[in-house]
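Below you'll find the structure, written out as structure tokens, and then a few comments.
The values are calculated or read from the model by the stated rules, or taken from the named source; none is laboratory data. The structure displayed is predicted, hence computed values, not measured ones. Neighbour counts are summed over all protein chains in view; Cβ atoms, including those assigned to glycine, are modelled from backbone coordinates with ideal geometry. Surface areas here come from the heavy atoms of the whole protein model, side chains and all, with no ligands, DNA or RNA. Shrake-Rupley method; radii C 1.70, N 1.55, O 1.52, S 1.80 Å.
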Amino acid sequence: MSSQLPELNAWIHTYASLTEADQVHWCDGSDEENGRLVKMMLDTGDLMALNPSSHPNCFLHRSSASDVARVEHLTFVCSKNREDAGPNNHWMDPAEAKAKMDALYKGCMKGRTLYVVPYCMGPIDSPLARCGVEITDSPYVVINMRLMTRMGAAALARIEREASFVKGVHSTGDLNPDRRFIMHFPEELGIQSFGSGYGGNALLGKKCHALRIASWQARQEGWLAEHMLILGVENPQGDTHYIAAAFPSACGKTNLAMLIPPEGYREAGWKIWTVGDDICWMRPGADGRLYAINPEAGYFGVAPGTSAKTNPNALAMLNDSAIFTNVAVTADNQPWWEGLPDGVPVKDWQGRDVDPANGPAAHPNSRFTVSAKRCPSYTAKAEDPQGVPLSAIVFGGRRESLVPLVFEARDWKHGVLVGAGMASETTAAATGAVGVVRRDSMAMKPFAGYNFGDYFAHWLSFDVAGAQLPKIFHVNWFRKNAAGKFLWPGFGDNMRVLEWMIQRVEGTASGRVTAIGTLPDVGELNRNGLALTDADLETLLAVDTLAWRTEVGAIADYLEEFGERTPQALFDELEKTAAALL
Ligand code: OXD
Ligand code: MN
């Protein structure tokens, strides 16, 4: 097979020759094709069937033990000019990167099939969607891309029509961590990945395309590609407000996206709808509002910690047609991970008998892949080609002190500063060093495909006459008391904070203006059914002037890192906050 697009055929031909692939298979995305690939992987041991009664059509994949996560130190943005990648990215000269990758790709698919995976990020008929083609020698990548993107014949038809697509090349190579690179060529809309079969390194539609390349493309074309979930909050009157929210990893993005409101809210008729859990592309519409789509079609979520308590919706979507990667299994072959209250794991993520001396049974970064449509809070709005209009944008991080439960930025400019300055404490599980504050602007530190200074300026550029921009908020679910206990219950109770945001959007909550922004006034946060003392609420909503002065200084130092490219407007905003703190 080939396509009607000579440029695409020529590109495939180049890589089929370079990699010396045995054969080339153009993926159509059909059930039949998927069934064949699954059967082949069951035969080779690449996949294992899970319990067909409890988990029909669910499979387990065990990755190589040294290939279990994204590799930021091996991820490069190869723009022509180093400055364009910025201090927030690793950079390599494009010619040098290509030479390196060509040498790695040479003959790497001998004895393997080269799969051509055409895919569309976003609803197939959406003007906000963008397409790509991934070349890969991993059937695991193909079956994951089928769940995570609109993959196959319809995407190919759009690519042939538009004659423009992101070109991604991926080979698992020999999985040698010393021969592993994830290269991005934003000026050419190209991605080259070698040596990893894992998630964000290999499913090129996700972080590589939908964030790094798309953020660059978005800047040229006047939109934004962000590391944000999108949810809809429907009130008892049936009106829905859509909210996009950015959090660094390990801050509960998937849980917030699939939140189930507390009982009192449910009884009153409140509902949460999930549009996306990781990535949001947004663009101003004719009415001046920002419209958002989830470019993905599925969820590639972290399994550990997902339970009936933390995320009942996620748990419910995982009992059929899901792929699990690096989880443990029980004696009757059900998937298992830390945080599940029931079940006893017998084999760990590497297939060994479970032994606590080997660490957790499921890898801490073990994952599930599942179609978004399987989520009980799925909304057909996720397929709306026009996207959903945003009422609010939320930034958040994990801060055990200083940062209040919620505050609203003064305006868009201040909101951009709040996003640019956001930070999160590292967790012991991730780095070993607990409580180290790391700046992670808009949760895009590992994902912005260009210089953060230019990125901040691009954000500011949306503030034009006639724009009806969403309100910007900052939240912190992770505030602790002196005894180290979380002050806020989080999870479903975060609904209370969402409700206050909506009241601010609708103009029904007056709030309390402070130096850092507007906080809920006494009595504005709904505490019905919540065991939260007045003293704890006061701590959650306090602004410690002295400590915030230090924070303002730290944010200024951070913004200086991007040199002349940091817009002066952000320093002016910071100055306003500093003055209000005096
Ligand atoms: C993810 C991540 O997998 O942010 O979504 O690492
Ligand atoms: Mn993410």
query = Going by the conditions given, is Val522 modelled with pLDDT under 95 and assigned to a loop (DSSP other than H, G, I, E, B)?
reply = yes
key: Scan of the range 165-189 for residues that are surrounded by fewer than 20 Cβ atoms within 10 Å (Cβ to Cβ) and touching a strand residue (DSSP E or B) at 6+ places or on another chain (Cβ under 8 Å), ordered by number   = Gly173, Arg179, Glu188, Leu189
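Can you tell me which residue among Gly466, Gly484, Gly492 is closer than 30 Å to Pro312 by Cβ, away from ligand 1 (no atom under 16 Å from the Cβ) and loosely packed, with under 14 Cβ neighbours inside 10 Å?
Gly484
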remark   = Restricting the range 271-325 to residues that are open to solvent by 30 Å² or more (accessible area, probe 1.4 Å) and aromatic (Phe, Trp, Tyr), the one farthest from ligand 1 (Cβ to nearest atom) turns out to be Tyr291
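Consider Ala509 carefully, then state whether it is of a type outside the set (Phe, Trp, Tyr), surrounded by 13 or more Cβ atoms within 10 Å (Cβ to Cβ) and free of Cβ contacts under 8 Å to residues at least 60 places away in the same chain.
yes
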note = Apart from one, (1) within 11 Å of Ala328 (Cβ to Cβ); (2) out of contact with any Asp or Glu (no Cβ under 8 Å at 6 or more places or on another chain) all hold for Ala362; the odd one out is (2)
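If the requirement is being free of Cβ contacts under 8 Å to residues at least 60 places away in the same chain and charged (D, E, K, R), which of these qualifies: Arg479, Arg527?
Of the residues listed, the single one that is free of Cβ contacts under 8 Å to residues at least 60 places away in the same chain and charged (D, E, K, R) is Arg527.
Output the residues belonging to the range 76-105 that are in a loop (DSSP other than H, G, I, E, B) and in contact with an Asp or Glu (Cβ under 8 Å, 6 or more places away or on another chain). Explain how you work it out, then say what you get.
Just the residues of the range 76-105 that are in a loop (DSSP other than H, G, I, E, B), to begin with: 78-81, 86-89, 92-93.
If the condition is that a residue be in a loop (DSSP other than H, G, I, E, B) and in contact with an Asp or Glu (Cβ under 8 Å, 6 or more places away or on another chain), then Cys78, Ser79, Lys80, Gly86, Pro87 are the ones that fit.
Quick grid of which residues meet (1) in contact with a strand residue (DSSP E or B) (Cβ under 8 Å, 6 or more places away or on another chain); (2) under 19 Å from Ala556 (Cα atoms):
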site	(1), (2)
Ala382	yes, no
Gly387	yes, no
Ala392	yes, no
Phe395	yes, yes
Arg398	yes, no
Pro404	yes, no
Ala409	yes, yes
Leu417	no, yes
remark   = Of the residues in the range 1-57 that are free of Cβ contacts under 8 Å to residues at least 12 places away in the same chain and assigned to a loop (DSSP other than H, G, I, E, B), the one that is nearest to Ala103 (Cα to Cα) is Gly45
inquiry  = Regarding the range 71-84, can at least one residue be identified that is basic (Lys, Arg) and within 20 Å of Leu204 (Cβ to Cβ)?
reply    = no
remark   = Residues in the range 247-270 that are more than 18 Å from Arg496 (Cα to Cα) and either open to solvent by less than 10 Å² (accessible area, probe 1.4 Å) or not assigned by TED's automatic domain parsing to the domain that holds Gly415 (or both) total 1
ask   = What about Asp463, is it in contact with a Pro (Cβ under 9 Å, 6 or more places away or on another chain) and modelled with pLDDT of 95 or more?
value = no
request  = Please work out if Val437 is away from ligand 1 (no atom under 16 Å from the Cβ), under 18 Å from the mean Cα position of the chain (by Cα) and surrounded by fewer than 24 Cβ atoms within 10 Å (Cβ to Cβ).
outcome  = no
request  = Answer yes or no: is there a residue in the range 387-410 that is buried (at least 22 other Cβ atoms within 10 Å of the Cβ) and over 25 Å from Gly232 (Cα atoms).
outcome  = yes
request  = Check off (1) part of a strand (DSSP E or B); (2) open to solvent by less than 10 Å² (accessible area, probe 1.4 Å) for Tyr115 and give me the number that stays unchecked.
outcome  = (2)
request  = Kindly list, by first and then second residue, each pair from a residue in the range 430-452 that is in the same structural domain as Val475 (by TED's automatic domain parsing) to a residue that is modelled with pLDDT under 75, limited to pairs with Cβ atoms under 7 Å and residues at least 6 apart or on different chains.
outcome  = Val434/Thr427; Val434/Ala428
ask   = Counting only residues that are out of contact with any strand residue (DSSP E or B) (no Cβ under 8 Å at 6 or more places or on another chain) and surrounded by fewer than 17 Cβ atoms within 10 Å (Cβ to Cβ), how many does the range 340-357 have?
value = 8
task = Under 9 Å between Cβ atoms, at least 6 apart or on separate chains: pull out the pairs that start in the range 239-258 with a residue that is under 23 Å from Val505 (Cβ atoms) and β-branched (Val, Ile, Thr) and end on any residue that is open to solvent by less than 30 Å² (accessible area, probe 1.4 Å) and within 12 Å of ligand 1 (Cβ to nearest atom).
result = Ile243/Leu229
key: Those strands (runs of 3 or more DSSP E) lying entirely in the range 422-505 with at least 1 residues over 19 Å from Ile516 (Cα atoms) and within 16 Å of ligand 2 (Cβ to nearest atom)   = 437-439
request  = Considering only the range 303-405, give the strands (runs of 3 or more DSSP E) lying wholly within it that have at least 2 residues that are closer than 30 Å to Leu519 by Cα.
outcome  = 388-396
